[in-house]
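This report concerns only the one structure given below.
The values are calculated or read from the model by the stated rules, or taken from the named source; none is laboratory data. From a predicted model like this one, the values you see are computed outputs, not experimental measurements. Cβ sites come from the backbone with ideal geometry, for glycine too, and all protein chains shown count toward neighbours. Keep in mind that these areas ignore ligands, DNA and RNA; they rest on the heavy atoms of the full protein, side chains included. Shrake-Rupley method; radii C 1.70, N 1.55, O 1.52, S 1.80 Å.
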Amino acid sequence: MREEISDMSEDDETGERARWAPDLSKNRSDDSDSGPGPPIGDSPPPFSDQILENVLENVLEFLTSRRDRNSASAVCRSWYRAEAQTRRELFIGNCYAVAPHRAVERFQSIKSVVLKGKPRFADFNLVPFGWGAHFEPWVKSFGAAYRHLERICLKRMSVTDKDLTIIAESFPLFKDLTLICCEGFSTFGLAVIAERCRHLRVLDLIEDYLEDEDDEVVDWISRFPETTTSLESLVFDCVSCPFNFDALERLVARSPSLQRLRVNHHVALEQLRRLMARAPQLTHLGTGTFRSGAGFGEVDPNLDLVSAFGASRSLVCLSGFREIEPEFLPAIYPICANLTSLNFSFANLTAEELNPVIRRCHNLQTFWVLDSVGDEGLQAVAETCRDLRELRVFPLDPSEDSDSSVSDIGLQFISEGCRKLRSILYFCQRMTNAAVVAMSKNCPDLVVFRLCIMGRHLPDRITGEPMDAGFRAIVMNCKKLTRLSVSGLLTDKAFEYIGCYGKLIRTLSVAFAGDSDGGLRYVLEGCTRLQKLEIRDSPFGDASLISGLPFYYNMRFLWMSSCNLSMRGCKEVARNKPNLVVEVIRDGVEEEEEEEIEAVEKLYLYRSLAGARTDAPAFVKIL
Amino acid sequence: MEEMQPKLLDLIPNERGWGVKANDRERKIGGGFGVREEKKLELRLGLPGEEDWNANRKKTEGLCANVNPPFSLGLFGASQTKQEGLITGEAQKIHAKADNQTSIVERKAIAHAATSPAAAPLPSNSRAANAPVVGWPPVRSFRRNLASTSKTVLEPQKWASGTSAKFDNSTKGLFVKINMDGVPIGRKIDLKAYDSYDKLSSAVDQLFRGLLADQRSEIGTEKNVEEKGKAIQGLLDGSGEYTLVYEDDEGDKMLVGDVPWEMFVSTAKRLRVLKSSDLSASTLRTTSRKRAATEC
């Protein structure tokens, strides 16, 4: 089966692991795309075939699933062409897997782009600054080719103000910009977007790092057009610098379609009240802080706040709550029963403070919270939120020896109360196998199980045994599991179980676990649907790396840091697999060093049609 | 694959746990732990003197049962390590990027306030409780320091009234970043504060002169007094040791001084002070092209 760009972009839960065999007869010189598809500039098909293609195009318009489209494109040349003409959304899971010009040559009428860059461990400072994932070459290609582009969604890309300017200038119909975990831009770029994208509906900035310093902040909120806007969503809680509140209030007042608004922490309750009064139709609200501001002269903000929330009958999602003053929480009681999503993960609340709120949230499906609420708080959640689908418990003090008050007991409560749970992220200090086993049995619908026992190599706190048994139960009993993060003391046995039972797992995160090469081998050989594997500080060496050679083409990437790899092993991989890019990342290197260090600290390897990238900094060595 | 194993066993030193080489060549993994200290204080799975890391499971489990958590070892001269780690970490951040952006460096320094670079891989059942590791627990930076957030100052911001269509900074300063070869941390300079190239040049001299002297004196010369006083001259005409260049809004690198001052101020996005010997031919070509363009 011939697959190229289509499988490069595949990020589908049900992706089959057909052995991906690249077409090595491809002519790689210059830009002629003589791959499995027809070259551009092919002579047009005969007239009767053209009619057939037109009909086909009309039919294929309705195909939206990526996987279906990839399959359709592989049927024959005619279908390939028709599918390429009718694809509207371009998904690229690894920006270095394919060159921009190839994507643009094949798909000519794209309206929506999703592009992902850095490996996930970049979020935890494991990828040095300046590694790459620059949006620039992409935006330039898109700017030239996709006149009708409406939506761009980027994750972990490096985006500059200049890139944002190109977006604003190139796409007259642009509607939707979503930036997740990106960096490199500032309020200047936001101002350009606000001012020039006249049809903007969505501006979602989620967990980005902005470049601003105090003397450079631009009043971007004022740049939105003075007329009624078509804004539906404005999310900027990650923009840490102050903004023009009056301008925001006016903006909200002239945005009748606004449904989602998440402000940053420069907003106090008095101001929140004003915003809510302007937008009673909001469905998603991020409060910024949740405390009274100083010196605003309002006499009794609490009363007004109660009526403000009372009037917001459409609210289903609340977040923010930074610097929370719990005495104001009663204001949200009237709407708790309507909430399907509540994010308290920045609110330092005790179980007592949480209780009256959570007891009213019968319909909650998504709940994010800090471990300050303790096992007792989780018990209240378990008893009330019977419909809960997603739970995330974050650490108030994310260090290994903090006093976390959530433990296996809280997990047990949740497993007994929230039977429909699909996704859980749980940070704790102590855990038992029994609790994990209980969760595996009580919550069979689990798709995502991420357990982070913050102390490294910690065994079961009661039995002293490794956590192998718990994770074994998870992979055995949760038959829909696609994402797994492991922690605690784990031997190779744990990986044997994962390889044996975790047949649907697409994403696996491993840290401080395993005994030997065998562990990694089990996973590579057993997890046939594995797409993303990220490992740190585990004793896997060259032998295990090489054992995975037959499988790497079927994965999006492999990340291994602080393991037992050497240049010899990595070079072996690079030598054997020409369509894999093997990056060795070294910290603190500015120029090419003459002496080559044999030990490999960080390895990032990924399949790619584009070959070695040309924008790699000095500390990245591509083998 | 089987035939690989004999060779790979050679890679695993015969007396150490996985990860740290037996010879004294320092692994570039942050340098937080000295090899000697590790050997002395190492705790690992298996009986003392046991060398094989493929410990069979019985031994593993047996030993784990004996381990009493929490296992606060205070090993590896923890405080010293942390200090070393911190110093290495800070140094690492400072040298992080040739194209230094101060804000990123500062932000990362804050984020890494208590972490050392990736520690040497530890044996399974030891917990150096006082030596934190980069990126662990895996929580994003903005989730750290939640317990001790200071209250945000919520003053109403004074924003310039009126909406201007273009983004001119006529009322505010025009700060651009300026980096100098050999000085890791860049600076910022307000172009609006000067009205001519000469003034800019002397400002750059003032800005970096002291820094450069400090750098040099660290290397070990005794000429501190002299060095401190040595001015940075000839920035604009190529006659000095350093030359001032800038990057314009199209990303091209240009020699400072070619275009009229006003045009320079409106198009310059950042400045660099390069060693004159480093100016490549290609840079000059760009300049002459632009020069020709402005003359037309």
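Would you be able to say whether some residue in region A:139-149 is without any contact (Cβ under 8 Å) to a residue 40 or more places away in the chain and in contact with an Asp or Glu (Cβ under 6 Å, 6 or more places away or on another chain)?
Taking region A:139-149 first, the residues without any contact (Cβ under 8 Å) to a residue 40 or more places away in the chain are A:139, A:143, A:147-149.
The next check asks that each one be in contact with an Asp or Glu (Cβ under 6 Å, 6 or more places away or on another chain); those that pass are A:139.
Yes, region A:139-149 contains a residue that is without any contact (Cβ under 8 Å) to a residue 40 or more places away in the chain and in contact with an Asp or Glu (Cβ under 6 Å, 6 or more places away or on another chain).
Taking region A:79-121 as the search range and keeping residues that are of a type in the set (Gly, Ala, Ser) and open to solvent by less than 20 Å² (accessible area, probe 1.4 Å), which one is farthest from A:SER562 (Cα to Cα)?
A:ALA82
Mind listing whichever residues of region A:247-266 are open to solvent by 10 Å² or more (accessible area, probe 1.4 Å) and within 15 Å of A:GLY288 (Cβ to Cβ)?
A:GLU249, A:ARG260, A:ARG262, A:HIS265, A:HIS266
Select from region A:383-406 the residues that are within 14 Å of chain B (Cβ to nearest Cβ) and in a loop (DSSP other than H, G, I, E, B) and list them in ascending order.
A:PRO395, A:LEU396, A:ASP397, A:PRO398, A:SER399, A:GLU400, A:ASP401, A:SER402, A:ASP403, A:SER404, A:SER405, A:VAL406
Output the residues belonging to region A:193-216 that are within 21 Å of A:ALA122 (Cα to Cα) and among the acidic types (Asp, Glu).
Step one: list which residues in region A:193-216 are within 21 Å of A:ALA122 (Cα to Cα), which gives A:204-212.
Result: A:ASP204, A:GLU207, A:ASP208, A:GLU211, A:ASP212.
For region A:485-507, which residues satisfy the criterion of being within 14 Å of chain B (Cβ to nearest Cβ) and either in contact with a helix residue (DSSP H, G or I) (Cβ under 7 Å, 6 or more places away or on another chain) or not small (Gly, Ala, Ser) (or both)?
The answer is A:VAL486, A:LEU489, A:LEU490, A:THR491, A:ASP492, A:LYS493, A:ALA494, A:PHE495, A:GLU496, A:TYR497, A:THR507.
Identify the residue in region A:530-546 that is of a type in the set (D, E, K, R) and out of contact with any Asp or Glu (no Cβ under 8 Å at 6 or more places or on another chain) and, among all such residues, is nearest to A:PHE557 (Cα to Cα).
Quick first cut of region A:530-546, residues of a type in the set (D, E, K, R) only: A:532, A:534, A:536-537, A:542.
Subsequent filtering for residues that are out of contact with any Asp or Glu (no Cβ under 8 Å at 6 or more places or on another chain) retains A:532, A:534, A:536-537.
Numbers: A:LYS532: 5, A:GLU534: 8, A:ARG536: 14, A:ASP537: 18 Å.
Filtering region A:530-546 for residues that are of a type in the set (D, E, K, R) and out of contact with any Asp or Glu (no Cβ under 8 Å at 6 or more places or on another chain), the one nearest to A:PHE557 (Cα to Cα) comes out as A:LYS532.
Table: residues versus (1) more than 9 Å from every other protein chain (Cβ to nearest Cβ); (2) modelled with pLDDT of 95 or more; (3) under 25 Å from the mean Cα position of the chain (by Cα); (4) open to solvent by 10 Å² or more (accessible area, probe 1.4 Å).
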| site | (1), (2), (3), (4) |
| --- | --- |
| A:PHE512 | no, yes, yes, yes |
| A:SER538 | no, yes, yes, no |
| A:LYS577 | yes, no, no, yes |
| A:VAL582 | yes, yes, yes, no |
| A:ILE597 | no, no, no, yes |
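So that you can scan it fast, the table gives a plain yes or no per residue for (1) at pLDDT 90 or above; (2) more than 13 Å from chain B (Cβ to nearest Cβ); (3) part of a strand (DSSP E or B):
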residue	(1), (2), (3)
A:GLU592	no, no, no
A:LEU605	yes, yes, yes
A:ALA612	yes, yes, no
A:ALA618	no, no, no
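Check every one of the helices (runs of 4 or more DSSP H) wholly within region A:435-534 and list those with 3 or more residues that are of a type in the set (Lys, Arg).
none
Mind checking which helices (runs of 4 or more DSSP H) fall wholly inside region A:128-202 and carry at least 2 residues that are open to solvent by 30 Å² or more (accessible area, probe 1.4 Å) and closer than 27 Å to B:ARG140 by Cα?
Hits in region A:128-202: A:161-170.
Let me confirm something: among A:LEU533, A:LEU565, A:LEU504, A:LEU520, which residue is within 23 Å of the chain's Cα centre (by Cα), open to solvent by less than 10 Å² (accessible area, probe 1.4 Å) and not aromatic (Phe, Trp, Tyr)?
One residue alone meets the criteria, A:LEU533.
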